[in-house]
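The structure under discussion appears below in the form of structure tokens.
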2 protein chains.
Amino acid sequence: MNDVYVHGYDSRERARLHDQAGTLVDLLHADTSYPEGSVVLEAGCGIGAQTVTLARNSPYARILSVDISAESVADAKARVNAAGLTNVQFQQADIFALPFAPESFDHLFICFVLEHLARPDAALHVLKSLLRPGGTITVIEGDHGSTYFHPDSEEASKAVRCLVELQRAAGGNALIGRQLYPLLVEASFDAAHVAPRMVYVDSSKPELVESFTKKTFTAMIEGVRESAIEAGIVQAEVFDAGIRALYRTAEADGVFCYTFFKAVGEKARRA
Amino acid sequence: MNDVYVHGYDSRERARLHDQAGTLVDLLHADTSYPEGSVVLEAGCGIGAQTVTLARNSPYARILSVDISAESVADAKARVNAAGLTNVQFQQADIFALPFAPESFDHLFICFVLEHLARPDAALHVLKSLLRPGGTITVIEGDHGSTYFHPDSEEASKAVRCLVELQRAAGGNALIGRQLYPLLVEASFDAAHVAPRMVYVDSSKPELVESFTKKTFTAMIEGVRESAIEAGIVQAEVFDAGIRALYRTAEADGVFCYTFFKAVGEKARRA
């Protein structure tokens, strides 16, 4: 990983991640709830944007949330405490060197993490070793290639592609959502099931226009302006026209589409 | 309209349209059912691929299905008769010159038609005049720009774009799905509501791989090979590589995504 682009690590980006989780909660998380007493590993909790929802939806599960960044872990902890949740513990740890015994978790939860890893397949193998037989893994990722809008705009598509290319240069994959099914299957999870979670936004949903089209997606693309121009991926005028075109999709006759993917798999029980 | 590309008018294409309706029935139509005694206009029934489902889901409604092509109307009639349905009447007519009294229908249904019209907005205005106040319009369209897949392939994207460009050259719009909301609003329909209907296909759904990825979508793209090459839009080798790449997405580790859009609006009741 180089440091051209790593998201989640500046304050504007933090606010954006928080906004995103706030508006997408139901769409992404409503169907994830773990039973009383189950032990759940959240791998890559970041600043805890998803942890609050995870903990709230499974009040009687014990959640252990880890992240490679000690600073993010501190933020996540503060956020979870502020929400009055007491069923989460935190630990700084690298997904590829987790200090846990094999098969020590009932369930795994991993959201917006694989997209940043050069070897998501290897991460899934490591995580699987920590899961008890019969346990489940839940993976949620976006896919920036799922973005389209009205009015259509070549410049907007180019601006979106900047993020895809920067993330690729950083060793990640912004198109990973569509790949969750083969990734789970290759990691030998059973009963892999993927459900797309499409965000469709038109002006009959003004809150979603504001929170998703503008404050989540377009803000995320805007956030790579300098990196993209410095990396020579795009000309400033094209990028800026693209951002204007993305905001244009938030007007009364505009439409914006983006799709997240949620995958669930099981670790086979012993025969 | 020129005749570079007009779909629905050769026998292979007819079989494809029929296959398509067979596999997408629930996704697209399950939530459309008209009450007993209501009079429904299906504008642009083509070869009746949707008419059978429409009539079956609303057994006590009276459906009038029209199409500009007398040959298609004959096909549609035969298909509906073969299905044993008796609640449909047929008539050859042009959407822009329909021989019906104003406000003579309770509901309007229009599926995979607006994409072929140079003036979908004008068509909606004409249709609205035939609808009684308080009646509804239901519009279903695809959007070829919603297509993405794994493994990703530039050639496959170029092959898909051939169809988009040919349809544009023929006066249509293969990206119309995302525009249904503004189209209904501009035509002054009330309470416009659009719901995307995403088709997500991975190898856990072998029937959908076969019926949608291969026999519906890829077959449709294959169908424009000669037109696209003749029109100079694409080189034969690129197109053929694109088709191979689309079939590649139907293999065990492949994924294919496409989104239809379904819109419903109401004609305002008199104050």
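The chymotrypsin sites (Phe, Trp or Tyr not before Pro) of segment A:98-164 meeting both criteria, a DSSP state outside H, G, I, E and B (loop) and at most 16 other C-beta atoms within 10 angstrom of the site's C-beta, are A:Phe100.
Inter-part distance, segment B:127-148 to segment A:106-154, computed on C-alpha centroids, equals 35 Å.
The mean number of partner chain beta-carbon atoms within 10 angstrom of a residue's beta-carbon across peptide A:178-189 is 4. Across A:Leu27, A:Leu124, A:Leu41, mean-square fluctuation computed from a Gaussian network of chain A (C-alpha pairs under 10 Å connected) peaks at A:Leu27.
Every Cα-Cα pair in the protein assembly as shown was counted, and those over 36 Å apart are 39% of them.
For segment A:21-110, a crude dipole built from +1 on the beta carbon of Lys and Arg and -1 on the beta carbon of Asp and Glu, taken about the Cα centre, is about 240 debye to the nearest 20. Label point of A:Glu230 (7 Å along Cα→beta-carbon): distances to the other copies' equivalent points are 5.3 nm, sorted ascending. For segment B:27-32, the Karplus equation 6.51 cos²θ - 1.76 cosθ + 1.60, evaluated at θ = phi - 60°, returns couplings of 4, 8, 10, 4, 9, 10 Hz by residue, with Gly and Pro reported as x. Considering only chain A, the C-beta nearest to the rotation axis that sends A to B is found at A:Met198, 3, the distance in whole Å. Overall form of segment B:171-255: oblate. Here a/c, set by the Cα gyration tensor axes a ≥ b ≥ c, is 1.5 or more, and a/b is not larger than b/c. Database remark: amide H of B:Ala61 closer than 5 angstrom to the amide H of B:Gly37 (H placed geometrically; neighbours at sequence offset of 5 or more, or on other chains; Pro and chain starts carry no H). For chain A, the calculated P(r) over all alpha carbon pairs, in 10 Å bins from 0 to the bin holding the longest distance, is 7, 29, 36, 21, 7, 1, 0 percent. Along segment A:103-118 the Karplus relation, 6.51 cos²θ - 1.76 cosθ + 1.60 evaluated at θ = phi - 60°, assigns HN-Hα couplings of 6, 9, 10, 7, 8, 10, 9, 8, 10, 6, 10, 4, 4, 9, 9, 5 Hz to successive residues, with x for each Gly and Pro.
For B:Gly135, the residues 5 or more places off, or on other chains, whose built amide H falls under 5 Å of its own are B:Lys267.
Considered as an equivalent ellipsoid built on the Cα gyration tensor, segment B:60-176 has semi-axes of 31, 18, 14 Å, the largest given first. 3J(HN,Hα) along segment B:196-212: x, 10, 7, 9, 10, 10, 10, 6, 6, 10, x, 5, 6, 4, 5, 7, 9 Hz, from the Karplus curve 6.51 cos²θ - 1.76 cosθ + 1.60 with θ = phi - 60°, whole Hz, x for Gly and Pro. A cut-off under 10 angstrom between Cβ atoms defines the neighbours of A:Ile176, and their net charge, with Lys, Arg +1 and Asp, Glu -1, is -2.
For segment A:111-169, the dipole from Cβ point charges (+1 on Lys and Arg, -1 on Asp and Glu) about the Cα centre works out to 420 debye, to the nearest 20. Listed by chain and number, the lysines whose C-alpha is less than 25 Å from the C-alpha of A:Lys214, apart from same-chain residues fewer than 8 away, are A:Lys158, A:Lys205, A:Lys262, B:Lys262.
Sorted ascending by nearby beta carbons within 10 Å, beginning with the fewest, B:Phe260, A:Phe96, A:Phe256 become A:Phe96, B:Phe260, A:Phe256. Segment A:188-251 and segment B:211-258 have Cα centres spaced 28 Å apart. Of all the options A:Thr136, A:Thr86, A:Thr213, the one that moves most in a Gaussian network model of chain A with Cα springs shorter than 10 angstrom is A:Thr86. Quick one: of the DSSP bridges fully inside chain A, what percent are antiparallel, nearest 5? Counting DSSP beta bridges with both partners in chain A, the antiparallel share is about 50 percent. With the charge dipole of segment A:84-183 set up from +1 on Lys and Arg Cβ and -1 on Asp and Glu Cβ about the Cα centre, the Cα lying farthest toward the positive end among the listed residues A:Ala169, A:Val139, A:Ser153 is that of A:Val139.
Each principal axis of the Cα atoms in segment A:116-238 has its own extent, and those three values, largest first, are 52, 38, 19 angstrom. Under the convention that each Lys and Arg Cβ holds +1 and each Asp and Glu Cβ holds -1, the size of the dipole of the protein assembly as shown around its Cα centre is about 1100 debye.
Every read-out reported here was derived from the displayed coordinates using simple, explicitly stated rules and does not represent laboratory data. Computed from a prediction, not measured in an experiment: that's the story for all the values here. Cβ atoms come from the backbone with ideal geometry, glycine included; neighbour counts cover every protein chain shown.
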